[in-house]
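Accompanying notes for the structure given below.
The values are calculated or read from the model by the stated rules, or taken from the named source; none is laboratory data. Treat the numbers as computed from the prediction; the structure is a model and nothing was measured. Methodologically, a virtual Cβ is constructed for each residue, glycine included, from the backbone with ideal geometry; neighbour enumeration extends over all protein chains shown.
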Amino acid sequence: MKKAQLMAQPFYYIFVIIVIALIFLFGFNIINKLQETQERTKFTEFKIDFSSKVEYIYALNVGSRLTYTLILPKDVKKVCFTYDLSNLKTKVELDSKYGNDFYVDKLIINNNYCIQAKNNKLDFALENKILDGKTIVQLL
């Protein structure tokens, strides 16, 4: 083997090590972004599912009561509900970095009400009632 070939061999190893390090770096970055996208998707699913459950109970007979379990993003510890008198909707607040608060029609909350999340799930019950001659959905 010539002397020049012996000198070039360590550069091949250095180049391979750099390429492997870049692959790991970009791979971890992609995996982290994928996990964040998954959590944002869980938030969106919760928002859509919760709103559709309220609409479903609203359409049932008076006195109908159903219990639900919905999946939450991993960082949610509790979900709070507040009735907003200015626009007559209930504000749903999640302590999550993956989504914003949202409003739900036809849901009435007497006081501020919070439910603790258990194992990234929210257990709650909804009931169809009549209040002052209007059909409402109440969170239990």
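Of note:
- Residue within the stretch 30-49 that is touching a Pro at 6+ places or on another chain (Cβ under 7 Å) and not aromatic (Phe, Trp, Tyr) present: yes
- Condition met for residue 26 (in contact (Cβ under 8 Å) with a residue 40 or more places away in the chain and of a type outside the set (Asp, Glu)): no
- Residue-level check: of (1) within 20 Å of the chain's Cα centre (by Cα); (2) over 15 Å from residue 55 (Cα atoms), residue 133 misses just (1).
- Unique residue being surrounded by 12 or more Cβ atoms within 10 Å (Cβ to Cβ), over 30 Å from residue 32 (Cα atoms) and modelled with pLDDT under 90 when the list is 109, 130: 109
- Checking 42, 53, 47, 74 one by one, the residue that is part of a loop (DSSP other than H, G, I, E, B) and either among the hydrophobic types (A, V, I, L, M, F, W, C) or under 25 Å from residue 115 (Cα atoms) (or both) is 74 and no other.
- Qualifying residue in the stretch 29-41 (condition: surrounded by 12 or more Cβ atoms within 10 Å (Cβ to Cβ), touching a Leu at 6+ places or on another chain (Cβ under 9 Å) and free of Cβ contacts under 8 Å to residues at least 60 places away in the same chain): no
- Flag for residue 103 being more than 16 Å from the chain's Cα centre (by Cα) and farther than 30 Å from residue 32 by Cβ: no
- Residues in the stretch 50-76 that are crowded, with 17+ Cβ neighbours inside 10 Å and hydroxyl-bearing (Ser, Thr, Tyr): 51 alone.
- Just one of the listed residues (75, 49) is of a type in the set (D, E, K, R) and under 22 Å from residue 136 (Cβ atoms), and it is 49.
- None of 78, 89, 74 is in contact with a Cys (Cβ under 6 Å, 6 or more places away or on another chain) and either within 20 Å of residue 57 (Cβ to Cβ) or of a type outside the set (A, V, I, L, M, F, W, C) (or both) except 78.
- Top-ranked residue of the stretch 94-106 - restricted to ones that are surrounded by 17 or more Cβ atoms within 10 Å (Cβ to Cβ) and hydroxyl-bearing (Ser, Thr, Tyr), ranked as modelled with the lowest pLDDT: 96
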